[in-house]
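First comes the structure, then the notes that go with it.
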């Protein structure tokens with residue numbers, strides 16, 4: 001086998017291995033805390049499970065305490081809080097942002113999407129406008145990404 005073919009095959013293998021590593025960076029399990037009556041939270045969990053994550057749903061928790069313990073900034077909450085790996089994920093955060101979080105693994109407390117935007121994962125309807133996903137540590141928000 002000549003050197004250029006061997007080099008091409010090695011490069012392809014490394015690229016494919018890198019893609020698998022990026023996907024593998026997302027944890028296998030998550031715990032989603034929610035109000036028992038909230039159906040959109042169940043839908044978010046179902047969609048997260050479609051990505052290969054086992055989601056443990058915990059109903060009827062003191063959501064204020066969960067959010068406070070996670071370091072969530074005041075006024076930027078949503079209907080559910082997911083603990084995944086070393087991060088808190090607040091609300092209906094698009095999975096593109098969740099995947100980026102675990103690929104980059106920044107030293108933050110987590111990411112969130114305030115409110116319950118129409119069209120976000122778990123919420124019905126078409127997307128309306130941009131979603132500003134924020135990052136936070138110790139209740140201090142900063143921009144993470146806009147989708």
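Points to keep in mind about this one:
- Residues in the stretch 53-104 that are in contact with a helix residue (DSSP H, G or I) (Cβ under 7 Å, 6 or more places away or on another chain) and not in a strand (DSSP E or B): 77, 79, 85, 92, 103.
- Looking only at the stretch 47-75, and only at residues there that are more than 22 Å from residue 108 (Cβ to Cβ) and without any contact (Cβ under 8 Å) to a residue 12 or more places away in the chain, the one that is farthest from the chain's Cα centre (by Cα): 62
- Residue within the stretch 111-122 that is assigned to a strand (DSSP E or B), under 20 Å from residue 42 (Cα atoms) and modelled with pLDDT under 95 present: no
- The single condition among (1) surrounded by fewer than 13 Cβ atoms within 10 Å (Cβ to Cβ); (2) at pLDDT 85 or above; (3) within 23 Å of residue 125 (Cα to Cα); (4) out of contact with any strand residue (DSSP E or B) (no Cβ under 8 Å at 6 or more places or on another chain) that residue 49 does not satisfy is (4).
- Restricting the stretch 29-46 to residues that are modelled with pLDDT of 95 or more and not in a helix (DSSP H, G or I), the residue that is farthest from residue 68 (Cα to Cα): 29
- Any hit, the stretch 76-86, residues being over 13 Å from the mean Cα position of the chain (by Cα), surrounded by 15 or more Cβ atoms within 10 Å (Cβ to Cβ) and in contact (Cβ under 8 Å) with a residue 60 or more places away in the chain: yes
The values are calculated or read from the model by the stated rules, or taken from the named source; none is laboratory data. Everything numeric in this text was worked out from a predicted model, so none of it was measured. Counting neighbours? That spans all protein chains shown, and the Cβs are built from the backbone with ideal geometry, glycine included.
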